[in-house]
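Here is the structure we will look at.
The values are calculated or read from the model by the stated rules, or taken from the named source; none is laboratory data. All of these numbers come straight from a predicted model, not from anything done at the bench. Note: ideal-geometry Cβ built from the backbone for every residue, glycine included; neighbour counts use all protein chains shown. Note: accessible area is taken over every heavy atom of the protein model, side chains too, but ligands, DNA and RNA are not part of it. Shrake-Rupley method; radii C 1.70, N 1.55, O 1.52, S 1.80 Å.
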Amino acid sequence: MTTRRIVLTRSAAVIGAASSGLLLPQIVRAQSDKVRVGFMLPYTGTFAQLGVAIENGFRMALNEQGGKLGGREVEYFKVDDESNPAKGIENATRLVQRDKVDVLVGTVHSGVQMGIHKVARDSGVLNLIPNAGVHIATRAQCAPNVFRTSFTNSQPTLALGKAMVANGHKKAVWITWNYAAGDEAFEGFEQSYTAAGGTIVKKLGLPFPNVEFQALLTEIASLKPDAVACFFAGGGAAKFMSDYAAAGLNKSIQLYGSGFLTEGVLDAAGDAANGVLTTMHYGDSLNTPRDKQFRLDYAKAFKLQPDVYAVQGYDTGLLLIKGANAVKGDLNNKKALYAAMEGAVIDSPRGKWTMSKAHNPIQDMYMRKVEKRENKVIGVAQKAVADSAAGCRMG
Ligand code: PHB
């Protein structure tokens, strides 16, 4: 029998007001027999497959523990966030207020993440970010109850610029969707590429999630850079690589990207993706015993090849398991729960990683090349890449 109580304590309300500037009480939930986990992920639109991979990975981690968290059964709740920032607050509020989740796992899109972030800060509910790289969540607005298991948007591209210059590609065009993830991926790229002596000839963009690339590809052809670097992901990334090849640009101008460009889309992009070079905290041929086992188990369970999103979802599960085990399932013991998660070393398929003080992974970035429908790891672009965490003061 499950009875749920919501206990609003005075001290919790004071913490809530202090952290958010709003007079919203923090919610302290009584421990019921099941842990309530809410997925707020995209299940439709250009990022639909990313949401599915994250959920698969998360469930797989928990299933390896008999489906339990700190000895307690788990009940799942789901909301399709459609990668729509306008509905971010409303969707996150639904999981927190209506479904009374103990943990909100979400999301993919940086703009939607900002809605979740507001709700997480105001309510105090634990939020695990399995993808969205928006800087502010682990910089100026970092929070004790918000942990990211993925990356910040500039982490992959911080490792990209130097490698491009080392390959002799010194004049580049940058192209992306104009929203937080694209803008922040550019920030990392600009920093590393110009520091290594590269010149950014032009910065091109289009609104998310548009895929009308023709005019921009024509412009790239006339600019004749040494290379193109970009941030795209999901369905839009497959379309970008297909159009790039159809325009013949893959023959003359090396395409680089933040590794999301080639994640989960290699079957859809086909030969158009051959030879694309990207930096990412995962690859398809790491060949470690840990990763081999993960890939085998994932393929068996879901009849799908895993990608970086599946790994991030899996690691989100691993992190929560560490925390929940440390407090024997009592997720109300927030101090001990967060301390265990902060100190966790995650034995991930991507390689071991640790949590920064701002709650973001410190991790190696691999250089990968697409070959035969695989992100083949051809080296380590940069070891132990940490985000700047600028402005983070854990309150
Ligand atoms: C983001 O919006 O933060 C985002 C989306 C998809 C990715 C990576 C980052 O693959």
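Computed values, structure above
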quantity	calculated
10 Å beta-carbon shell around Gly198, net charge (K/R +1, D/E -1)	+1
Unit charges at the beta carbon, dipole of the chain: most positive-side option, Cys392, Ala172, Ala227	Cys392
Folded to 0 to 90 degrees: helix 110-123 orientation relative to the chain principal axis, Cα	20
Inter-label distance, nm, simple model (7 Å from Cα along the C-beta direction), Ile378/Val201	2.1
Accessible surface, the chain, averaged per residue in Å² (probe 1.4 Å)	39
Antiparallel bridge percentage (DSSP; both residues within the chain; nearest 5)	35
Backbone N under 20 Å from the Ala301 label point (7 Å along Cα→Cβ), restricted to the stretch 56-99	56-79
Peptide ranges 361-367, 84-90, 184-190 listed from the most packed, as the mean C-beta count within 10 angstrom indicates	184-190, 361-367, 84-90
Isolated Cys residues of the chain, judged by Cβ distance under 4.7 Å to other cysteines	Cys230
Degrees separating the helix 180-195 axis from the principal Cα axis of the chain, which is the longest one	50
Highest average packing first - 195-207, 253-265, 280-292, Cβ atoms within 10 Å	253-265, 280-292, 195-207
Estimated [θ] at 222 nm from DSSP helical runs (n ≥ 4, -39500 (n - 2.57)) normalised by residues in the chain, nearest 500	-11000 deg cm²/dmol
Proximal charge balance of Thr176 [Cβ under 13 Å; K/R count +1, D/E count -1]	-2
Carbon plus sulfur fraction of accessible area for the chain, probe 1.4 Å, in percent	53
Arg36 long-range amide H proximity, modeled H, under 5 Å	Glu75, Asp102, Val103
Environment charge of Ser285, counting only residues whose C-beta is closer than 11 Å and scoring Lys/Arg +1, Asp/Glu -1	+2
Highest average packing first - 156-168, 300-312, 216-228, Cβ atoms within 10 Å	156-168, 300-312, 216-228
Between helix 10-20 and the chain: long-axis angle, C-alpha atoms, 0 to 90°, nearest 10	20
